[in-house]
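Enquirer: Sharing a structure below in C-alpha cells format, with a few things to ask.
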Amino acid sequence: MERALRTKVIIVKTLMKRMLIIFLLLGSLISLESSAQTSPPSSSKTEKQEPAATVYSQNPAANQLFLQAREYYNKSDPRIGGGKLANAREAIKLYEQAVRADPKFALAYVEMSRAWLRLGYSDPDGLSNEALLPPAKAALLKALSIDNKLTDVHLTLAALYYNLDYDWAGAEREYQLALELAPTNAAAHTGYAAYLGSMGRFAEALNESARADELAPSINNDIIRARLYYSMHRYDEAAGFCMRSLKKGENVLGHFYLGFVYVAQQKYEQAITEFKIGAGFSNNGGALAGLAYGYAMGGRKDDALKIIDELKTTFNGSRIVPYRFAAVYLALGDKDQAIEWLKRDFEARGNWMNQLKVDPVMDPLRSDARFKQLMRQMKFKG
C-alpha cells in the first residue's frame, strides 16, 4: 500500500515537471514571436544591399569595360551642365576594348557609334561630320550584323539617317522598326516625334512626344515638344516646354530655344539673356551663333558681326555651324550670304538642315528660288 502510494507520488511529480517544461517552452515561443514583431530587424537585415551590376556581356572583362565606358558617355553631352566631349573620346576607347574582349557585343558597338556621333557638336573638342561618320557607321553596321533585333541598333541608325544622311524614308523605317521591337521605349517615341516634326507632320509628332512623356518624362522630350510648338508658331507653348526642361536640369537647348521663342515674340532683351546663358555652357559655336542671331534681330548689328568674326578666326574644324551663320546673315538682311551658308551646311551634312522645312527662322527665304532648289536637293516633300 505504502509502496503504491510512493509510486503514484513519483508519477504525479513527473507529470508536473513535464507540464512545467511544456509551459516554459510555450512561454519562450510566445516571447520570441512578440520580439520578432516589435524589435527592429537585426543588423544583417538593415544593411543596404548593393545592387548587382547589370550583365550586358557574359564576358566579365567586356562587361566591366562597357560599364566604365557608359559612365564616361553619360557625362559627355556638352548641352547638359558639366558635360564634356572629352568624355566621349574616353568612352570610345573603352568601348573598343570591350568589343575586343567580346567581338559579339552588339550593344557596345551601338554605344560606340553614339559616342562618335556625339563628337559632332560644335564644341572646341568636336569633329567634322566627315571625320566622325565613317567610324560611327562602321560600328553601327557591325552591331546590325550581330543582332538585327536590337532596338538600339535601329534607333541609332534612324538618328543617323535623320540627322546626317537626310534619308527620310530610311529614318522613318528604322524608327518604326525600333517601336515595333520596343513599343514602350520612350526614347524611340521622342526620336520619331522629332523626325515627324521636321517633316511637318505635327499632329503625329505631338502624339508621339506625348506618349514619350507618359512613359518617361525627360529633358530631351521637353526640348522636342518645345521645338514642335516653335515650328508651329505656337510660341507660348514652346516657351512653356523650354522652361519645363530647365526645371528638370540646366541645359543648353532649353535656353537656346527659349531665345528663339523670345525673338519670335520680339522680346529681344530677354532673348539675348537666354542666348548668353546657352553660349556660356561650353563655348559651343552653335550657341554663340545663336547669340549673334539675337543681337542681329535686336538691331545690334556690330555685336552680331563681332561674334561671327570671332568664330571664323578661331575656327578649328568644328565650331562653325553654317546653318546658324545663315540665320545671322538672314537677320541682318543679307539673303545672298544666308543662301551660301545653307549650301555649305548641305555639303557638310549639317544636322540642323533637317529643320529647313519647318524652321520659322527661315521663313523670309521661302519664296526665294535658290531656297526652293535647296529644298528639292534635301528631298523634302510638300
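Enquirer: In debye, nearest 20: dipole of the stretch 266-382 around its Cα centre with unit charges on the Cβ of K, R (+) and D, E (-)?
Expert: 500 debye
Enquirer: Between beta-carbons, use under 15 Å as the cut-off and find the net charge around Glu71, counting Lys and Arg +1, Asp and Glu -1.
Expert: +4
Enquirer: Tell me the relative contact order for the stretch 266-382 as a rounded percent, counting alpha carbon contacts under 8 Å between residues six or more apart.
Expert: 18 percent
Enquirer: Just the Cα atoms of the stretch 266-382, one point each, no solvent: what log10 I(q)/I(0) does Debye give at q = 0.14 Å⁻¹?
Expert: The Debye formula, applied to the Cα set alone, gives -0.55.
Enquirer: Could you sort out which of Lys84/Lys379; Lys137/Lys379; Lys75/Lys137 sit more than 30 Å apart by Cα distance in this structure?
Expert: The pairs that break the limit, which is 30 Å between Cα atoms, are Lys84/Lys379.
Enquirer: Assuming 1.306 mPa s and 10 °C, estimate D for the stretch 59-148 with Stokes-Einstein, Rh taken as the Kirkwood radius over Cα pairs, in µm²/s.
Expert: The Stokes-Einstein estimate is 123 µm²/s.
Each value in this text was obtained by applying a stated rule to the coordinates, not by laboratory testing. In this text, all values refer to a predicted model and were calculated from it rather than measured experimentally. Please note: Cβ atoms are built from the backbone with ideal geometry, for glycine as well, and neighbour counts cover all protein chains shown.
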